[in-house]
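Written below as structure tokens is the structure these notes are about.
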Amino acid sequence: MSQTIDANQPDLAQLVAAAGDAVVVSDAEGLITLWNPAAERIFGFSQDEALGRNLDLITPERHRQRHWHGYAKTMQTGVTRYGTQLLKVPALHKDGRSLSIAFTVALLKAPDGTVTGIAAIIRDETERWEEERRLRRRVADLEAERSKLAIA
């Protein structure tokens, strides 16, 4: 597939820099090779702090083993379901607080088809998740109240 370059279209670097969602690219070993301004805003780490570090930087300790198992499997097989399915997981902010993120990934491949890295498009859903949790608690409280009234 060929693509015509239009001088009026922003280049890829401009798109990545201007994106409201984090764009994080890691190589086959899981080292961060691209970290856009939205990643800095969401996770709190500057580009200088993130580049060259592995993804443990933003992966909670309790999820690291599972994360790296899946990462290695994806690197070996070249297959992921998270190119089209949204993955929702906890993450870490630089200040230590927990985040709720949702993301999809794109596999980056060499000309021979070997997977060379993963690009993740990440959205911070912490606020939405906390609001849903508050609403679930409120519903549970109201149902408990209703049960008490029905018994009385």
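A short reminder: the numbers here are calculations on the coordinates, not readings from a lab. Since this is a predicted model, take the numbers as computed values, not measurements. Reconstructed Cβ throughout: ideal geometry from the backbone, glycine too, with neighbour counts over all protein chains shown.
Net charge around T74, counting only other residues with Cβ within less than 15 Å of its Cβ (Lys, Arg = +1; Asp, Glu = -1)?
Around T74, the surrounding residues sum to +2.
Summed over qualifying helices (DSSP H, 4 residues or more, each -39500 (n - 2.57)) and divided by its residue number, the chain shows a 222 nm mean residue ellipticity of -11500 deg cm²/dmol. For segment 46-105, the Stokes-Einstein estimate of translational diffusion at 37 °C and a viscosity of 0.692 mPa s comes to 258 µm²/s, using the Kirkwood hydrodynamic radius over alpha-carbon pairs.
For the peptides 56-68, 38-50, the ranking by packing is 38-50, 56-68, with the highest mean count of neighbouring Cβ atoms within 10 Å listed first. Between amide H atoms placed 1.01 Å from N, distances below 5 Å from E125 occur with S100, I101, A102, all of them 5 or more places distant or on a separate chain. Sorted largest first, the spans of the alpha carbon positions of segment 99-146 along the three principal axes are 63, 16, 9 Å.
Modelled spin-label separation between L31 and A17, with each label point placed 7 Å from Cα along the Cα-to-Cβ direction: 2.5 nm.
As a rough guide to protection, the peptides 101-107, 134-140, 71-77, 84-90 ranked by mean Cβ packing within 10 Å, highest first, stand as 101-107, 71-77, 84-90, 134-140. Given +1 at the Cβ of Lys and Arg, -1 at the Cβ of Asp and Glu and no other charges, the dipole of segment 102-141 around its Cα centre is 160 debye to the nearest 20.
All other residues with a Cβ under 9 Å from the Cβ of F103 taken together, and with Lys, Arg as +1 and Asp, Glu as -1, what is their net charge? Before the final figure, lay out the partial values.
On the way: positive: K88, R123; negative: D21.
Result for the neighbourhood of F103: +1.
The per residue volume of the convex hull around the alpha-carbon atoms of segment 6-152 is 168 Å³.
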